Amino acid sequence: MSSRKSLIKIKPKSYKDGEIVKVSFMVMHPMETGMRKDKKTKEVIPAKYINSVKFDYNGKVITTMNVWESLSTNPVFTTYMKVNGEGKLSVTFSDSTGEVHEKSIKIKPKG
């Protein structure tokens with residue numbers, strides 16, 4: 001697992017058990033297509049892009065996204081989920097070079 005910077009946001013910030021919330025995962029990633037040249041060296045920059053993103057809640061997969069190289073740098077991935085009690089929300093991505101990153105947060109419904 002890498003130490004790439006990432007963030008998981010839940011909206012609304014305060015939610016109750018049984019509510020549906022918006023989950024956004026933001027990650028600092030270059031998303032290189034392999035078609036761009038370095039301006040100084042004129043060499044092609046090798047492809048390095050996220051190709052898979054998985055959201056899971058308490059070990060159960062919410063959604064899996066297959067991604068292509070056409071996304072922008074530092075992409076944001078969004079899905080919705082129903083809060084079913086306290087637990088752990090994890091987002092894992094892998095990229096075209098084999099890098100794997102996981103970010104987790106605790107889910108704590110109010111009331």
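The values are calculated or read from the model by the stated rules, or taken from the named source; none is laboratory data. Nothing here was measured: the structure is a model prediction, and the numbers come from that model. All Cβ positions, even for glycine, are placed from backbone atoms using ideal geometry, and neighbour counts span all protein chains on display. Just the protein is used for accessible areas: all its heavy atoms, side chains included, with ligands, DNA and RNA removed. Shrake-Rupley method; radii C 1.70, N 1.55, O 1.52, S 1.80 Å.
Worth a mention:
- Maximal additional length on extending the residue 28-residue 97 stretch stands at 23.3 nm, based on 0.36 nm per residue less the C-alpha distance.
- Per residue, the chain exposes 64 Å² of solvent-accessible protein surface, assessed with a 1.4 angstrom probe and all protein chains in place.
- Choice from 25, 93, 77 showing the highest fluctuation, given a GNM over the chain with Cα pairs closer than 10 Å: 77
- Local electrostatic count at residue 9 - Lys and Arg +1, Asp and Glu -1, tallied over other residues with Cβ under 13 Å: +4
- Candidates per trypsin sites (Lys or Arg not before Pro) in the stretch 67-111, loop by DSSP, up to 15 other Cβ within 10 Å: 110
- Pairwise Cα distances in the chain exceed 25 Å for 29 percent of all pairs.
- Segment residue 16-residue 38, length gained on full extension (0.36 nm per residue, minus Cα span): 3.0 nm
- Rg/Rg_ref, the stretch 1-40, where Rg_ref = 2.2 N^0.38 Å and atoms are Cα: 1.90
- For the chain, a crude dipole built from +1 on the beta carbon of Lys and Arg and -1 on the beta carbon of Asp and Glu, taken about the Cα centre, is about 460 debye to the nearest 20.
- Dipole-positive endmost among 100, 76, 87 within the stretch 69-108 (Cβ charges, Cα centre): 87
- Förster-model FRET efficiency, 30 Å R0, residue 110 and residue 73, C-beta, rounded to 0.05: 0.25
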